[in-house]
1. For residues that are free of Cβ contacts under 8 Å to residues at least 60 places away in the same chain and either in a loop (DSSP other than H, G, I, E, B) or touching a His at 6+ places or on another chain (Cβ under 8 Å) (or both), tally how many sit in segment 274-288.
2. Identify all residues within segment 248-276 that are modelled with pLDDT of 95 or more and among the hydrophobic types (A, V, I, L, M, F, W, C); write none if there are none.
3. Out of everything in segment 168-196 that is open to solvent by 50 Å² or more (accessible area, probe 1.4 Å) and more than 10 Å from the ligand (Cβ to nearest atom), what residue ends up being farthest from Gly221 (Cα to Cα)?
4. Of all residues in segment 1-30, count the ones that are touching a residue at least 60 places away in the same chain (Cβ under 8 Å) and either open to solvent by 30 Å² or more (accessible area, probe 1.4 Å) or in a loop (DSSP other than H, G, I, E, B) (or both).
5. Collect the residues in segment 87-121 that are open to solvent by 50 Å² or more (accessible area, probe 1.4 Å) and either within 12 Å of Ile10 (Cα to Cα) or polar (S, T, N, Q) (or both), keeping them in residue-number order.
6. If you scan segment 147-167, which residues turn out to be open to solvent by 20 Å² or more (accessible area, probe 1.4 Å) and more than 16 Å from the ligand (Cβ to nearest atom)?
7. Given the criteria modelled with pLDDT of 95 or more, of a type in the set (A, V, I, L, M) and open to solvent by 20 Å² or more (accessible area, probe 1.4 Å), does Leu233 qualify?
8. If Gln66 meets every condition in (1) touching a residue at least 40 places away in the same chain (Cβ under 8 Å); (2) open to solvent by less than 60 Å² (accessible area, probe 1.4 Å) apart from one, which number is that one?
Amino acid sequence: MADDIKQVVIIGSGPAACTAAIYCARAQLSPIMVMGYEEGGQLVTTPEVGNWPGITGEPSGFDVMQNILNHTKELGVERIYDVVESVDFSDESCKKLYLSGGKKVLTTKAVIIATGARARYLGIDSEAQFKGRGVSACATCDGLFFRNKEVAVIGGGSVAFIEGLFLANLCSKVYLIHRREGFRAEQILVDRVNEKVAEGKMELILNATVKEYVGSELLSGIVLDVKGERRELPVNGVFVAIGHQPATEIFKGQIDLDEKGYIVTSNALPPVTQTSCPGVFAAGDCAFPYYHQAVVAAGSGCKAALDAEHYILGI
Ligand code: NAP
């Protein structure tokens, strides 16, 4: 029935989704957010946020995200705590989103996809065996289990460095293992890690790849290849911080994705967040692989909301 068709449904609950919801609500579009499994997205597990304009003192990502979520609440945005399991965009005027194992259907004119990205793992043998038994992709979530123990962080980007610094305050020693010598991490983070190295709290192992996880029930070590030499490292925890992959599987066949699974948007002239399906827009890390910044995700959420508004109003 036409009355049941919503104006705009936003999939996700991170900075991109919330910003889209704020703009849509203020444009009187009565947006609905489908929140997903983990309210708030990746920012929730960020130990500190030092680059959100206007917020000083490096609050936790959780606190920043609570403020953003509260903003959507104050504007009366309807929130559905469920997961979109499949979509059907074949009817442009009535796009369908299937929730609750397909038992519930939302119909809508416009969709804003802001499903974000998930942590990547190494994909080596025995990784699955030790996930949750010593191998993790989130120091904020699992770091406390390794208080006063030796751990390793894998990766040379900003996330690996932030995770390493966080763990250096909890653990007896943190090895930062990177596959080459150059880092992608911001220089300020490299400087801070070097201070920890000088204090003996951290050690850098460069030109190194993890070959194997070892242990019985729980992880007790890893085997490395360091410049062709085998090295065993006795660690109780390994934090994999090698980037993310977009959470876009459910859109395969409905809209264009690139070879890595990122949603393809028009990206040049407005509507820049337009996907290959008219009225379906994408914002944040599911579509824009380069910057991976919460503030960039929020900015693209704003663009998606404006694009959706113009689509609905036909302007
Ligand atoms: P990233 O910058 O892409 O770094 C990923 C790291 O993992 C790289 O060092 C990469 O090595 C390594 N890597 C990738 N695949 C690997 C594999 N199979 N085995 C071993 N190592 C592998 O990702 P990120 O650290 O998750 O950061 C994502 C984005 O968020 C970046 O743009 C970053 O600047 C941004 N960020 C910024 C802040 C901040 O405070 N400003 C905080 C967090 C994140 P190579 O270098 O050799 O490719």
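1. 2
2. Selection gives Ile250, Phe251, Ile255, Leu257, Ile263, Val264, Val272.
3. The first filter runs over segment 168-196 and keeps only residues open to solvent by 50 Å² or more (accessible area, probe 1.4 Å), leaving 169, 172, 179-181, 183-184, 186-188, 191-192, 194-195.
Filter again for more than 10 Å from the ligand (Cβ to nearest atom), leaving 169, 172, 187, 191-192, 194-195.
On the way: Asn169: 21, Ser172: 15, Gln187: 30, Asp191: 28, Arg192: 26, Asn194: 24, Glu195: 25 Å.
Across segment 168-196, the extreme among qualifying residues is Gln187.
4. Residues in segment 1-30 being touching a residue at least 60 places away in the same chain (Cβ under 8 Å) and either open to solvent by 30 Å² or more (accessible area, probe 1.4 Å) or in a loop (DSSP other than H, G, I, E, B) (or both): 10 in total.
5. Hits for segment 87-121 are Ser90, Ser93, Lys109.
6. Hits for segment 147-167 are Arg147, Asn148, Lys149, Glu150.
7. no
8. Every listed condition holds for Gln66 apart from (1).
The values are calculated or read from the model by the stated rules, or taken from the named source; none is laboratory data. For clarity, every value in this text was computed on a predicted model and none was experimentally measured. With ideal geometry, Cβ positions are generated from the backbone for all residues, glycine too; neighbour counts draw on all protein chains shown. The protein model used for the area step is the full one, side chains on, heavy atoms only, and it has no ligands, DNA or RNA in it. Shrake-Rupley method; radii C 1.70, N 1.55, O 1.52, S 1.80 Å.
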